[in-house]
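Got a structure for you, written out below as structure tokens; questions coming shortly.
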Amino acid sequence: MRLIRLRANLYRSLREVVVEMNGLNLFIGASASGKSTVLDALRLLQEGARDREFGTAVRNRGGIINLPWKGEAADQTELVVEPAAVRIVQRDETGATSVGGQVDSDSIREALRQSGFGLGAFYETQGFAV
């Protein structure tokens, strides 16, 4: 899935960070400036989406207590990614699919709400299912 943006708030060493994504992204900076934390945030989101639950991904990072910025409450930690474009795809118990059309990232939530797909839906973009 091609991402446009990652927003991290109080995730490990990232206080309020927005990373704009392009075709090629290079992270250059001093030691302990957050380069690896940006990559870890993306890995955490990828693992949770792949497994369809975040428990394992969080446990692999030492538990929820280790995710927030030093001393901050875990319920204030936020990671948000914005995909370039998404097709809504639903698979029924026979494996048949139906496509709800392509939507831009600003209308994903509204399209899901109106589609009635609910939790049974998953996102597919540019041929990759998440």
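The values are calculated or read from the model by the stated rules, or taken from the named source; none is laboratory data. Keep in mind that this is a model prediction, so the values were computed, not measured. Reconstructed Cβ throughout: ideal geometry from the backbone, glycine too, with neighbour counts over all protein chains shown. Calculation scope for accessible area: heavy atoms of the full protein, side chains included, ligands and nucleic acids excluded. Shrake-Rupley method; radii C 1.70, N 1.55, O 1.52, S 1.80 Å.
Among Ala111, Ala85, Ala129, which is the only one that is at pLDDT below 90, loosely packed, with under 14 Cβ neighbours inside 10 Å, hydrophobic (A, V, I, L, M, F, W, C) and within 30 Å of Asn22 (Cβ to Cβ)?
After ruling out the rest, the residue left standing is Ala129.
In addition: Could you please let me know if Ala49 is within 16 Å of the chain's Cα centre (by Cα), surrounded by fewer than 15 Cβ atoms within 10 Å (Cβ to Cβ) and at pLDDT below 90?
In short, no.
Is it true that Val58 is in contact (Cβ under 8 Å) with a residue 12 or more places away in the chain, open to solvent by less than 30 Å² (accessible area, probe 1.4 Å) and more than 22 Å from Asn25 (Cβ to Cβ)?
Judged against the criteria, Val58 is a match.
Right, next: What pairs come out if I take residues in the range 34-48 that are closer than 15 Å to Gly62 by Cβ and pair them with residues that are open to solvent by less than 60 Å² (accessible area, probe 1.4 Å) and part of a helix (DSSP H, G or I) whose C-beta lies under 9 Å away, six or more apart or interchain?
Arg43/Ala57; Leu44/Ala57; Leu44/Val58; Glu47/Thr56; Glu47/Ala57
While we're here: Suppose the filter is open to solvent by less than 70 Å² (accessible area, probe 1.4 Å), closer than 20 Å to Ile65 by Cα and not aromatic (Phe, Trp, Tyr); does Ser13 pass it?
Judged against the criteria, Ser13 is a match.
Oh, and also: Would you confirm whether or not the range 92-107 contains a residue that is out of contact with any Phe, Trp or Tyr (no Cβ under 8 Å at 6 or more places or on another chain), at pLDDT 60 or above, within 21 Å of Arg7 (Cα to Cα) and in a helix (DSSP H, G or I)?
For the range 92-107, residues out of contact with any Phe, Trp or Tyr (no Cβ under 8 Å at 6 or more places or on another chain), at pLDDT 60 or above, within 21 Å of Arg7 (Cα to Cα) and in a helix (DSSP H, G or I): absent.
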